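Quick notes on the structure that follows.
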Amino acid sequence: MIDRDDVLRELGLAPSWRLRRSPSGQAGTRGDGAAAALASTADLPMPAAEAQARRERIATLDYDRLVADIAACTACALCKTRRKTVPGVGDVAAQWMFIGEAPGADEDAQGEPFVGAAGQLLDNMLMALGLERASNVYIANVLKCRPPGNRAPEPLEAQACGPYLDRQIDLVAPRLIVALGKSAACRLLEVDASVASLRNRVHRYRGIPMIVTYHPAYLLRTPADKAKAWEDLLFARRTLREAVAAPAVG
Ligand code: URA
């Protein structure tokens, strides 16, 4: 039987972990999003009235119709290169919602988020918190289709996929959101800032407490920051406990 120490060891945090100083994250690669998010656009924006009508329509969909809508989506050029759409996975009534950047090759092949190496690390991090993707968390991405070559999402792609992510958040109604990496954090907070500058604070997305931490793919490249990510997850757990204990507003 795997215990918590085994998991922490797997994460590189055991037998005892300490925060280590590390160089600041490098920009422009998958996971930390960064500069590539501002790269040139591949397609044209939808006219405003059409985009609004689409947003309003998506906001009425139930979960099954949302998944079907995503599977048929042609709102941006990624529909031409994707193999499978990757809507999300997990418990649609979960208290925890994790949001990553975009599917990679493994996710594109399987239609499920975080099934590659970064997903293995995410699963281990979840396990260390006593969570499991199949039962008490919901996992989604900013984009539902794979960007070619695993580049970061372009602004028009994130915009086109925005109504889907917003509807997922509405339907799941999590008590806490964890933004994994810069793309998710910046999309939800509508800022351009580093993960390092957004950590250690409780943000809000439509009133839902939100914690920002490093993307698992970044942690695979920068294991020295795993201890910080673990600290973020413990902070997230405390935040969720406080949110659940607090009397309901309204
Ligand atoms: N990285 C992400 O951000 N999402 C996935 O689903 C896989 C890798």
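The values are calculated or read from the model by the stated rules, or taken from the named source; none is laboratory data. All values reported here derive from a predicted model rather than from experimental measurement. So basically every Cβ, Gly included, is an ideal-geometry build from the backbone, and we count neighbours across all protein chains shown. The accessibility values were calculated without ligands, DNA or RNA, using every heavy atom of the protein model including side chains. Shrake-Rupley method; radii C 1.70, N 1.55, O 1.52, S 1.80 Å.
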What is the P(r) of the stretch 46-245, as percent of Cα-Cα pairs per 10 Å bin from 0?
9, 38, 39, 13, 1
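Against the empirical 2.2 N^0.38 Å scaling, what ratio does the C-alpha Rg of the stretch 93-153 come to?
Values: Rg = 11.6 Å, N = 61, 2.2 N^0.38 = 10.5 Å.
So the stretch 93-153 has a normalised radius of gyration of 1.11.
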Note down the accessible area of TYR205, probe 1.4 Å, to the nearest 10 Å².
20
Can you put ARG241, ARG201 in order of accessible area, largest first, using a 1.4 Å probe?
ARG241, ARG201
Rounded to the nearest 5, what is the percent of antiparallel bridges among the DSSP beta bridges in the stretch 46-245?
30
Along the stretch 157-170, what does the Karplus equation 6.51 cos²θ - 1.76 cosθ + 1.60 (θ = phi - 60°) give for ³J(HN,Hα), rounded to whole Hz, x for Gly and Pro?
5, 5, 5, 5, 7, x, x, 5, 5, 4, 5, 4, 5, 4
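Hand me the GluC sites (Glu not before Pro) from the stretch 90-132 located in a DSSP loop with no more than 15 other Cβ atoms within 10 Å, in residue order please.
Values: sites: GLU101, GLU107, GLU132; in loops: GLU101, GLU132.
Those that pass, being in a loop and sparsely packed, are GLU132.
Leaving ligands and nucleic acids out of the surface, order ASP232, ASP64 by accessible area at 1.4 Å, largest first. Show your work: numbers first, answer last.
Working: ASP232 0, ASP64 120 Å².
The residues order as ASP64, ASP232, largest area first.
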Counting C-alpha atoms alone, how compact is the stretch 35-165: give Rg to one decimal and Dmax as a whole number, in angstrom.
14.9, 46
Anchor LYS182: lysines whose Cα lies under 17 Å away (excluding residues fewer than 8 positions away in-chain):
LYS144, LYS226, LYS228
With every protein chain left in place and a probe of 1.4 Å, what is the accessible surface of THR81, to the nearest 10 Å²?
80
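Please give the per residue accessible area of the stretch 46-245, computed with a probe of 1.4 Å over protein heavy atoms only, in Å².
40
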Calculated FRET value between VAL202 and ALA224, using beta carbons and R₀ = 22 Å, to 0.05:
0.30
Leaving out ligands, DNA and RNA but keeping every protein chain, what accessible area does LYS228 have, in Å² rounded to the nearest 10, with a 1.4 Å probe?
40
